[in-house]
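What follows is one structure encoded as structure tokens, with my remarks underneath.
The values are calculated or read from the model by the stated rules, or taken from the named source; none is laboratory data. A quick note: this is a predicted structure, and the numbers were derived from the prediction, not measured. All Cβ positions, glycine included, derive from the backbone under ideal geometry; neighbour counts span all protein chains shown. What goes into the accessible areas is simple: the full protein's heavy atoms, side chains included, and nothing from ligands, DNA or RNA. Shrake-Rupley method; radii C 1.70, N 1.55, O 1.52, S 1.80 Å.
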Amino acid sequence: MSQQVAEVDTLFLHEKRDGDYTVAVYRGGDRMLRGRLEVKETSAGPRPARLRVKDDADETLHPPDKFVELARRARRIRISEQTSREGRGELRNLLAGYQLDEKTKAVRTCRLCSGAGRYSPLTSETAIKADGEQICPDCAMRELEREAEFRGLRSGARDRLEELLLEVGDLERIKNLLSGQLDPDLTRFDTISATVEDVDPVRVEDLGLHPGIQTKLEGKFETLLPVQSLAVRNGATAGDDQLVVSATATGKTLIGEMAGVDRALNGKGKMLFLVPLVALANQKYDDFQERYGDVCDVSLRVGASRVAGNGQRFDPSADIIVGTYEGIDHSLRVGKDLGDIGTVVIDEVHTLGEEERGHRLDGLISRLKHYEETNECDTQYVYLSATVGNPEELAQKLRAKLIEFEERPVPIERHVTFADGDEKPRIENRLVKRAFDTKSSKGYRGQTIIFTNSRRRCHEISRRLEYDAAPYHAGLDYGRRKKVERMFGDQKLAAVVTTAALAAGVDFPASQVIFDSLAMGIEWLSVQEFSQMLGRAGRPDYHDKGIVYMLVEPEGSYHGSQEMTEDEVAFKLLKGEMESVRTTYDEGAAVEETLANITIAGKKAKKLNDRMVGEVPTKHALGKLLEYGFIDGLKPTPLGRAVTKHFLEPKQAFVMLDGIRKGSHPYDIVADIELLDQH
């Protein structure tokens, strides 16, 4: 003990419940000794009676002089303020009897540490509130860790809670977050600030477009929005190909409209406006019909299924054709004459990076360019997206001029709270009511989009909301979806509950976005998908800010194949970087696109493959097509034509053929294909 005593920095004393005192000796921040001091009353005042020193599991009894020696060797003596007033007085009198009172001071310490014989002084900066008292950050972290362990929280969520604990200094408030607490000061993860780029606006009267669109624009605007001005100055209305990357609600769509409608009215070819979803195509068709129906013929080309298009309203000779990617691709695959194409606008072009659909959009772009060359069209391509992680690279691949505009019109607050699946609708109800009961400075009520992962869940949540709400998904008929869109636009609905699959879809001017789930079907959202969805919160003409809430289920998942849990995914999405848009090809995708290119281009199919964004293993794909009997030389067989016409993957085609040969009922064949897709 003599070596330890010689190097003592601090001697710490704390009263125990039985009237004895805990003694702790520190050197250089490390505890060198822990013991128990018994005090006796003498005629000279309180004096040490015995010192019991703990060493692992053993306890050694020392005479009183050992405590006095420790106290004299210590550079400072600290008494916990949690010690009773009588106890502090007794200790001060004891130490004064040995002329040690000058280096003795009472300090505020962590009760939990003091009880365990640890010296942990507290300051106003380090103290954490807990159960009406204050404890040190280490003890607070341990308490929070136990609660997080009980709730099943993973590392990302725990890290965030620990950050909040040190920031807020109140353990109970942080623990309340795990019970669906909606205190915005606690749930707020961050705020994405509104940003303004200094762009000299183009005056509408200076555009010099065809009178059919020029007069319409002059009747609505004096100047273009910044991203529109940038695009026009860089050739959008002069026929230049462009990739426009800009946040939601910054006015990207009008760039394509100005280019396409002007060229159509000037006799330079029709406009194709292509989108990924039927719901979005329907809305764009209605919008264009209303805006330009008096000067242009507008038609719609969508697929009622993957097999056939809805031909009732499709007129290939129309000035404006609004279509889904698959709808227009189907026309190309079956050899339909689309006339002279002057402009192709591809909205949501980041779809190129999707595993399931990216290769089809890639192939469609290449086939459209082949159509342009074959029919000697002078076609301009305008690609639009809000979320591209590698804009320069993508623009180069598309052979387009990059127009990148990073302004965000309104700030977006991003919030995180924790709840299980049953609690989520209750929290959503409170958030929806709070938003709808609040008006922006522009006079609009707050309205909410709730994203979830299934159609069934859409209906379940909308039924449980107290204010008027409606489900919205691709399973609803066109009339019902239009009614929901109209009611939301008229502020007659407080919320729509939709699937994540419609994130890039219909334009609902919402102030608030709630993530009931962070999954799309059985797949976790990507950073790109997440950014696309949260970007729908807050519109500059309606709202002062956007609000986003992520309702995170600790240890939650939606399918056995999901390796991560929802709380892990949440912070990966919040902190992650935007993924690059790159089209990848497995064997099935390479076979499908090569077959489609052979069907429409024959011997030139390799040229189509070579100019696609992704790298297509053409030689391997050709070998498989020959093996499958889909081509004869560089011509499609009747089987190959049927496969490409109906957008079938090879394995789906063989399941159908096998079922037909066995005489299976069509329903059984469809079921087998569905099981194949799920597998």
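For segment 636-643, indicate whether the set of residues that are under 30 Å from residue 530 (Cβ atoms) and not β-branched (Val, Ile, Thr) is non-empty. Looking through segment 636-643, none of the residues is under 30 Å from residue 530 (Cβ atoms) and not β-branched (Val, Ile, Thr). Taken over segment 608-627, the criterion of being touching a Lys or Arg at 6+ places or on another chain (Cβ under 7 Å), in a helix (DSSP H, G or I) and not polar (S, T, N, Q) is satisfied by 608 alone. Is segment 284-295 home to any residue that is more than 27 Å from residue 645 (Cβ to Cβ), assigned to a loop (DSSP other than H, G, I, E, B), among the small types (Gly, Ala, Ser) and free of Cβ contacts under 8 Å to residues at least 60 places away in the same chain? Yes, there is a match, as at least one residue in segment 284-295 is more than 27 Å from residue 645 (Cβ to Cβ), assigned to a loop (DSSP other than H, G, I, E, B), among the small types (Gly, Ala, Ser) and free of Cβ contacts under 8 Å to residues at least 60 places away in the same chain.
Looking at 146, 160 in this structure, which one is surrounded by 19 or more Cβ atoms within 10 Å (Cβ to Cβ) and basic (Lys, Arg)? Only one candidate passes the filter, namely 160. So for segment 435-443 (the condition being open to solvent by 60 Å² or more (accessible area, probe 1.4 Å), in a loop (DSSP other than H, G, I, E, B), over 30 Å from residue 347 (Cα atoms) and touching a residue at least 40 places away in the same chain (Cβ under 8 Å)), does at least one residue qualify? Yes, because at least one residue in segment 435-443 is open to solvent by 60 Å² or more (accessible area, probe 1.4 Å), in a loop (DSSP other than H, G, I, E, B), over 30 Å from residue 347 (Cα atoms) and touching a residue at least 40 places away in the same chain (Cβ under 8 Å). Quick one: is residue 605 farther than 30 Å from residue 246 by Cβ, of a type in the set (A, V, I, L, M), open to solvent by less than 40 Å² (accessible area, probe 1.4 Å) and in contact with a Gly (Cβ under 6 Å, 6 or more places away or on another chain)? No. Per the listing 569, 513, 548, 552, the residue uniquely among the β-branched types (Val, Ile, Thr), open to solvent by less than 10 Å² (accessible area, probe 1.4 Å), more than 24 Å from residue 351 (Cβ to Cβ) and in contact (Cβ under 8 Å) with a residue 40 or more places away in the chain is 552. Condition (residue is more than 22 Å from residue 261 (Cβ to Cβ) and in contact with a His (Cβ under 7 Å, 6 or more places away or on another chain)) applied to segment 423-439: is it met by at least one residue? Looking through segment 423-439, none of the residues is more than 22 Å from residue 261 (Cβ to Cβ) and in contact with a His (Cβ under 7 Å, 6 or more places away or on another chain). What are the pairs, 6+ residues apart or on separate chains, where a residue within segment 220-248 that is at negative phi has its Cβ under 8 Å from a residue that is hydroxyl-bearing (Ser, Thr, Tyr) and open to solvent by 30 Å² or more (accessible area, probe 1.4 Å)? From segment 220-248, the pairs are 229/223.
Conditions (1) surrounded by fewer than 23 Cβ atoms within 10 Å (Cβ to Cβ); (2) out of contact with any strand residue (DSSP E or B) (no Cβ under 9 Å at 6 or more places or on another chain), marked per residue:
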site	(1), (2)
446	no, no
452	no, no
468	yes, no
472	no, no
480	yes, no
483	yes, no
489	yes, yes
498	no, no
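For segment 367-388, the set of residues classified as in contact with a helix residue (DSSP H, G or I) (Cβ under 7 Å, 6 or more places away or on another chain) and open to solvent by 10 Å² or more (accessible area, probe 1.4 Å) consists of 370, 371, 379, 386, 388, listed by residue number.
Of the candidates 56, 101, 65, 138, the single residue that is at pLDDT below 85 and surrounded by fewer than 20 Cβ atoms within 10 Å (Cβ to Cβ) is 56.
Only one entry of 593, 579 meets the criterion of being over 30 Å from the mean Cα position of the chain (by Cα) and within 24 Å of residue 390 (Cβ to Cβ), and that entry is 593. Note on segment 226-261: residues that are in contact with a helix residue (DSSP H, G or I) (Cβ under 8 Å, 6 or more places away or on another chain), open to solvent by 20 Å² or more (accessible area, probe 1.4 Å) and more than 20 Å from residue 387 (Cα to Cα) amount to 3. Of all the numbered requirements in (1) touching a strand residue (DSSP E or B) at 6+ places or on another chain (Cβ under 7 Å); (2) open to solvent by 10 Å² or more (accessible area, probe 1.4 Å); (3) assigned to a helix (DSSP H, G or I), residue 94 misses one, and that requirement is (2).
The numbered conditions (1) hydroxyl-bearing (Ser, Thr, Tyr); (2) more than 25 Å from residue 131 (Cα to Cα); (3) within 56 Å of the chain's Cα centre (by Cα) are all true for residue 80 except (2). Out of 657, 676, one residue alone is among the aliphatic types (A, V, I, L, M), outside any strand (DSSP E or B) and closer than 19 Å to residue 589 by Cβ. It is 676. Contact map, segment 603-621: residues that are under 19 Å from residue 586 (Cβ atoms) paired with residues that are among the small types (Gly, Ala, Ser), Cβ distance under 7 Å, separation 6+ or inter-chain. Pairs shown: 608/366; 608/601; 612/363; 612/366; 616/590; 617/590; 620/590; 621/590.
Reported count of residues in segment 6-44, each being outside any strand (DSSP E or B) and either open to solvent by less than 20 Å² (accessible area, probe 1.4 Å) or out of contact with any Ser or Thr (no Cβ under 7 Å at 6 or more places or on another chain) (or both), is 12.
For residue 353, the criteria (1) at pLDDT below 95; (2) within 30 Å of residue 587 (Cα to Cα); (3) open to solvent by less than 10 Å² (accessible area, probe 1.4 Å); (4) of a type in the set (Gly, Ala, Ser) hold in every case but one, which is (3). Scanning segment 516-538 for residues that are among the β-branched types (Val, Ile, Thr) and at pLDDT 90 or above turns up just one, 527.
Do we find a residue being under 17 Å from residue 418 (Cβ atoms) and part of a helix (DSSP H, G or I) anywhere in segment 114-134? Within segment 114-134, none of the residues are under 17 Å from residue 418 (Cβ atoms) and part of a helix (DSSP H, G or I).
Exactly one residue among 634, 676 is modelled with pLDDT under 90 and touching a Lys or Arg at 6+ places or on another chain (Cβ under 7 Å), and that residue is 676. When you look at residue 61, is it closer than 18 Å to residue 15 by Cβ and either of a type outside the set (Lys, Arg) or not in a helix (DSSP H, G or I) (or both), yes or no? No: the conditions fail for residue 61. Residues that are closer than 14 Å to residue 299 by Cα and among the hydroxyl-bearing types (Ser, Thr, Tyr) were ranked within segment 317-361; the one that is farthest from the chain's Cα centre (by Cα) is 317. Of the residues making up segment 99-113, those that are charged (D, E, K, R) and assigned to a helix (DSSP H, G or I) are 101, 102, 103, 111. Looking across segment 172-202, the residues that are closer than 22 Å to residue 402 by Cα and open to solvent by 70 Å² or more (accessible area, probe 1.4 Å) come down to 196, 198, 200. Would you check if there is a residue in segment 138-161 being assigned to a strand (DSSP E or B) and hydrophobic (A, V, I, L, M, F, W, C)? Looking for residues that are assigned to a strand (DSSP E or B) and hydrophobic (A, V, I, L, M, F, W, C), one finds none in segment 138-161, hence no.
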